[in-house]
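Accompanying notes for the structure given below.
The values are calculated or read from the model by the stated rules, or taken from the named source; none is laboratory data. All values derive from a computational prediction rather than experimental measurement. We place every Cβ from the backbone using ideal geometry, glycine too, and count neighbours over all the protein chains shown. Remember, those area values only see protein heavy atoms, side chains included, never the ligands or the DNA or RNA. Shrake-Rupley method; radii C 1.70, N 1.55, O 1.52, S 1.80 Å.
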Amino acid sequence: MTAVMEKPEQTEPVEKPAAPARTPRKVGRSMVVAAILVGWLLLFALLRGKQTLALAAADLTDLHRWFNDVNDSIGANRNSNPLFLYFFNEIRLVIDSVVTFVQELISQPSAGRPLPQIGWLGVVGIAGYVSWAVGNWRVALLAVAGFTFLGLQGLWQESMDTLALTVSAVLVALLFAIPLGVWAGLSDRFNRIVTPFLDFMQTMPTFVYLAPLTLFFLIGPASATIATLIYAAPPTIRITAHAIRSVPRTTVEAAESLGATRRQSLTKVLLPMSRRTLVMGVNQTIMAALAMVTIAALIDAPGLGKTVIQALQSLDVGTAFNAGLAIVVMAIVLDRVTTAASGREEAARRSKNRFLAWRRPLLGAGAAVTAVLVYLSHTYVWAAEFPGEGDTGSAVARGADSVTTWAQDNLSGLTNAFRDALTNGLLNPFQTLLTDSPWWLVGAVLVALGTVLGGRRAGLTTVVCVGLLVGTGLWSDSMTTMASTLVATVLVMLLGIAFGVWMGRSALVDRLLRPTLDAAQVMPPFVYLVPFLALFGATRFTAIVAAVVYAAPVAIKIVADGIRNVPATTVEAATSAGCNTWQIITKVQLPMARGALTLATNQGLIYVLSMVVVGGLVGAGALGYDVVAGFSQGQLYGKGLAAGLAIVLLGVMFDRITQAAARRAGA
């Protein structure tokens, strides 16, 4: 056999793979932002002081005069215009009647006035009984002690006026908010319609509600109550809608399969299963109402807020501190009672206390005792008029004055150095950059930053807001307010990141700090001014520090939650790779929590902006002062209204940019 020789295969030359085309390096948003800022600084150096749209303090624009004319025209035709005769005036009369009715129930008697329906002893008894019925005996003791302390402070009547306005506003708000929340929870279409309005209502700083409402409802309790219910209603609407949507769909389907109608499913399934969340919504509405009622003292709302304002205007720190402490006590009592009510049923189910079987008879006996206390307070002066002359309040005021004097004598060097360093090193240069740049340059920078950080829609919103800010005639004041707001927000975020990371990484630190943060969020904005007024005096720096302390708790909580939500496996992988604690925080946790950081910035900005007008009471100037002056000086009403509009525009602009940036960061 002959061997068959196979012809070797011819191999084609192997082509080398083509080198991948080099893709141009994508420019990051941070580099674009840096380029915009550098360009701004260069143009500022060339164009400083030109086209700044500065307006003297006493000058009015055509828009301000037009607002004044509208105010005068409405005042002249209030009792002849059908719209006022049959709509606005009727609403004002109804609200006034509700507030007057509640006030007369609990008002303390004075010369020529008959005994109230419920005196101080009855109010304390009702507070204790209701707290026990919806919560537990500990909350009841807190309520009794809290209300008694209000009387010992010598502020019983002022406290009852504040409580009356709060209760009236909350009752009216809940009549509208709960049905709207249920509707939003059941209908996706209505939820999409109502959400932008709720966003706008919650973005708008609290003071801005006051000026337009006084235009239609005059200065007084009616305008204060309406402003309060408008401000306090959105939390209940949102939380009610969330509660309805959170009920498992399978539960609703099971009820429908058994023949339940839509109304029965709502009343027998959805609302009962959402009860705890609904009570939380009521809690948030009460807290918002209490904060707004104290602020509404600027439009002659009676109560503790008026005492605080008068004391701040006269720099009487002791009186302001005493009234602010009363506000805090009332806020804590109302917060703890409603919080206990939200967890009442769950606590009862978990409890194995043998005395629970006696709860109903004990509640009956408690109701009888409360009825006796109410009768005594209606019949006898000693039970109707709180005894004593407010010695405790006087002692508190004297103590606050003594601490203030000591702080001014011994800490003024330190506090003044800190104030001057921050003011001269950060606030003044930034304010100069904003106010001395041409208005069109600042507007272009804002639009460019809004587009880069938030996208096209945020950029378009910024264009509209900048144009309207120019139209208000208060561009320079707006830039001054923007400088203070952004500086305060930077400080808020520094605190938010420092304490938020600490809380997010340590459960022990979270348990220790969270009660303090909760208590800080309960306090109305006015209260923050008092201690810093004592330390720093009536300056814009005082307003900035108060705004930082007011806004920091919410930013800290959001950052802590963002750090806590970073997957533990990712952190463990970084640790096993040899990363130290600092590297894990800066290279892993903070980058992965950038959505939470952006959201914290959003909320910090909004909270700081809501303190702008409060700061106007202690020398902050700019838009805050314009709003306050508009309430106190009739010829400046139009300017104050325009300033309120400018604050809204700043809030909308900041909110849209930071919300869009948060969505981008979380994507």
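Sequence-ordered 3J(HN,Hα) estimates for region 411-417 from the Karplus curve with 6.51, -1.76 and 1.60 and θ = phi - 60° stand at 10, 4, x, 5, 5, 5, 5 Hz, glycine and proline given as x. Highest mean first, the peptides 287-298, 160-171, 42-53, 183-194 sorted by other C-beta atoms within 10 Å per residue fall in the order 287-298, 160-171, 183-194, 42-53.
The Rg/Rh ratio of region 438-578, with both radii computed over alpha carbons and Rh defined as the Kirkwood radius, is 1.08. Rounded to whole Å, the principal axis extents of the Cα atoms in the chain read 133, 75, 61, largest first.
Between TRP440 and ASP409, the FRET efficiency from the beta-carbon distance, with R0 = 45 Å, is close to 0.35.
Name the shape class, rounded, prolate or oblate, that the alpha-carbon gyration tensor gives for region 578-667, where a ≥ b ≥ c are the square roots of its eigenvalues, rounded holds for a/c under 1.5, and otherwise prolate holds if a/b is larger than b/c and oblate otherwise. Judged from the Cα gyration tensor, region 578-667 comes out prolate (a/c at least 1.5, a/b above b/c).
Of the solvent-accessible surface of the chain, computed with a 1.4 Å probe over protein heavy atoms with every protein chain present, carbon and sulfur atoms account for 64 percent. On the beta carbon distance between PHE190 and VAL33, with R0 = 30 Å, the FRET formula returns roughly 0.20.
Converting phi to 3J(HN,Hα) with the Karplus coefficients 6.51, -1.76 and 1.60 and the offset θ = phi - 60°, region 60-66 yields 10, 8, 4, 5, 5, 5, 5 Hz in sequence order, with x at every glycine or proline.
If a spin label sat at a point 7 angstrom from the Cα of ALA538 along the line to its beta carbon, the backbone N atoms of region 286-321 nearer than 15 Å would be those of 308-320. Within the shell of other residues whose beta carbon sits under 11 angstrom from the beta carbon of ILE226, the net charge comes to 0, with Lys and Arg scored +1 and Asp and Glu -1.
Both the radius of gyration and Dmax for region 381-521 are 23.2, 68 Å, in that order, over alpha-carbon atoms. Accessible area per residue for region 47-90 is 69 Å², calculated with a 1.4 Å probe on protein heavy atoms, without ligands, DNA or RNA. The residues of region 418-566 have, on average, 37 Å² of accessible surface per residue, using a 1.4 Å probe with all protein chains present. For the pair VAL470 and THR250, the difference between a 0.36 nm per residue extended length and the Cα-Cα distance amounts to 73.8 nm. Charged neighbours of ASN89, selected by a Cβ distance under 12 Å, balance to 0 (K, R count +1; D, E count -1). Over all other residues within a Cβ to Cβ distance under 14 Å of ILE286, the charged ones net out to 0, with Lys and Arg as +1 and Asp and Glu as -1. Shape class of region 132-268 from the Cα gyration tensor (axes a ≥ b ≥ c, square roots of the eigenvalues): oblate, since a/c reaches 1.5 or more and a/b does not exceed b/c. Shown is the FRET efficiency for ALA520 and THR261, computed with R0 = 51 Å from the Cβ-Cβ distance and rounded to the nearest 0.05: 0.65. Highest mean packing comes first when the peptides 379-386, 307-314 are listed by Cβ atoms within 10 Å, giving 307-314, 379-386. Extension gain, ALA133 to SER402: 0.36 nm times the residue separation minus the Cα-Cα distance gives 92.7 nm.
Applied to region 478-491, the Karplus parametrisation 6.51 cos²θ - 1.76 cosθ + 1.60 on θ = phi - 60° returns per-residue 3J(HN,Hα) values of 5, 5, 5, 5, 4, 4, 4, 5, 5, 5, 4, 5, 4, 5 Hz, with x for Gly and Pro. If the segment from ILE74 to LEU171 were pulled out straight at 0.36 nm per residue, it would be longer than the present Cα-Cα gap by 32.0 nm.
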